[in-house]
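To start, the structure under review is shown below, and the notes come after it.
Read-outs throughout are calculated quantities, based only on the coordinates presented, and are distinct from any laboratory measurement. Because the structure is predicted, anything quoted here is derived from the model rather than measured. So basically every Cβ, Gly included, is an ideal-geometry build from the backbone, and we count neighbours across all protein chains shown.
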Amino acid sequence: MDNAGTAVAMRAVHKAFDGVEVLRDVDFEVARGEVHALAGGNGAGKSTLMKILQGVYSMDSGSIEIDGLPVRIGSIQEARAAGIGMVFQEFSLVPSLTVAQNIFLADEPRGRSGLISDREAVRRARELFAEMEVAVDPKAVVADLGTAYWQLTEIAKALSRNARTLIMDEPTASLARHETAALFDLVGRLKKRGISIIYISHRMDEIYQIADRITILRDGRHLLTEALTDVTPEQIVEGIVGKKIESQLTYRERGHDPSGEPLLEARHLRSGDRVNDVSFRLHPGEIIGLAGLMGSGRTELARALFGIDKLTGGDLYVRGRKVSIGNPQQAVSHGLALIPEDRRAQGLVLDHSVRDNLLLPLLDRTTKGPFLSARAGRRVSSELISRFGVKATHPQRPVRLLSGGNQQKVVLAKWLGTEPDVLILDEPTAGVDIGTKSEILEMIRSLADAGKGIILISSEYPELLAVSDRILVLRDGTVTDDVPRRDIADEESLQLAVQGVHS
Ligand SMILES: Nc1ncnc2c1ncn2[C@@H]1O[C@H](COP(=O)(O)OP(=O)(O)OP(=O)(O)O)[C@@H](O)[C@H]1O
Ligand SMILES: [Mg+2]
């Protein structure tokens, strides 16, 4: 980084929601052409600070300068005019339109009639992608494309509006490995063009890979800003969590009895066109890790096991008894729980309170027995909130108002509250902060130690390797490898197995 100057400066920013201060006197500066990581625990205020910069929220007090000049950002339009671009986590694209139409939506190049000229939009989109040096077909309909292309479309859209600062809020959460690598290459090229990037992530390795500096927020306050060459990962983790924590990423061999009756056994399962002949046995106390590329059928397998998608073939056994699971209620009655990947859509009723969300599966259970009294409900929910460290100012307010990571904790707490025998976790640590991540891994281990069976889907290999007793590799809906953890040498050999390269 040189002295090219300050691209964005936010000073003494204060913001409260309903009387609760979530940003207190925060200073934040980004240099021209730098990648600046914004880190902090779940609920620390990262997204809120960035929503202020984007004009989504207004601050209670404080000031913003762009390229050294004071600006007033009172709306998304004003933020755009000031050169701020956003790559949304929940994408803002219209799926039924083409890539080009999406990029120029709202300010499409107009023909003489005043209508959108599709041909002009396609031409300019091609130019943009050529400048970005990425291959995207401007005529493709967005709905037909994968997440990585949605993201590239969002970036092109921001660049078409002359964004000079791009905000990326956990951009790799839904990307495959090679897509992440491609995104990082693109970030490098944008940086060379003098574009500044504010990069929010909970993944330490990514931060070290692409960021020049890091700012850490803790509980709504600015804690530090440092060059990454001047801080160690341990210092960053301690800064984010507020205390020293032990890394949970070291593999410890755990014992379970593979000779006894399995808790869950799958024989030649089929479902839709993504699950083709999957067999496995899950024993009490065992953790099975499911590895595979995006689209390999991991999530579809989880959905089929939990009765969300229909099984079209094969048999399921719970404790040796053949069962048919036609819907999630039946799955729950057989002692299964699923923590879904898409927490917002499937895991939560966003407009209901934190408390009601926590109690939902418990209420289902109590239909046979006594109803949960209001008082018992309050007690159980506050127990879960404190056990899982959910940061919720008011348990009776909608869960939608929680930060992303805290929503994830509510999903976890909600299902663990049902005390299932078999727990299927689909990317349980996506979006949670590093402190919570190690708590979740520790929790998975202790649930297994207590005799539960766990199926863990994760795209983070270190995590899979740290907790799994066995790893199944899925490809095109079929199990291509089924290996005890101790027989996997390292991350690289797992990666090769996932890609179908065998030595
Ligand atoms: N619209 C809102 N109304 C009320 N409270 C809100 C609103 N938006 C955010 N908050 C609260 O502000 C705090 C900061 O949330 P924010 O989303 O900025 O956290 P974050 O650092 O992005 O966390 P995460 O890593 O989990 O995404 C949280 O306690 C959250 O519940
Ligand atoms: Mg956030």
Per residue convex hull volume, Cα atoms of the chain, in Å³
167
Using alpha carbons only, how many angstrom separate the centre of region 324-359 from the centre of region 41-100?
33
Subtracting the Cα-Cα distance of residue 324 and residue 252 from 0.36 nm times their residue separation yields 22.4 nm
Which order do the peptides 271-279, 454-462, 17-25 come out in when sorted by mean C-beta neighbours inside 10 angstrom, highest first?
454-462, 271-279, 17-25
Can you give the relative contact order of the chain as a percent, counting alpha carbon pairs under 8 Å and 6+ residues apart?
16
For a Förster distance of 41 Å, can you work out the FRET efficiency between the beta-carbons of residue 476 and residue 204, rounded to the nearest 0.05?
0.80
Residue 6 versus residue 92: modelled label distance in nm, points set 7 Å from Cα along the beta carbon direction
2.6
With a 10 Å radius around each residue's Cβ, average the other Cβ atoms per peptide and rank 134-144, 31-41, 188-198, highest first.
31-41, 188-198, 134-144
Based solely on its DSSP helices, what 222 nm [θ] is calculated for the chain when runs of n ≥ 4 H residues each add -39,500 (n - 2.57) and the sum is averaged over all residues, nearest 500 deg cm²/dmol?
-10000 deg cm²/dmol
What nm value, rounded to one decimal, do you get for the distance between residue 238 and residue 67 when each label is placed 7 Å out toward the C-beta?
4.1
Cβ charges +1 (Lys, Arg) and -1 (Asp, Glu), total dipole of the chain, debye
1380
When 415, 150 are ordered from fewest to most other Cβ atoms inside 10 Å of their Cβ, what list results?
150, 415
If I model a spin label at residue 161 and residue 350 as a point 7 Å from the Cα along the Cα→Cβ vector, what separation in nanometres do I get?
1.9
May I ask you to sort 230, 212 by Cβ crowding, counting other Cβ atoms within 10 Å and putting the fewest first?
230, 212
Most packed first (mean Cβ within 10 Å per residue), the peptides 204-210, 156-162 order as 156-162, 204-210
Separation between Cα centres of region 224-252 and region 445-503, rounded to whole Å:
26
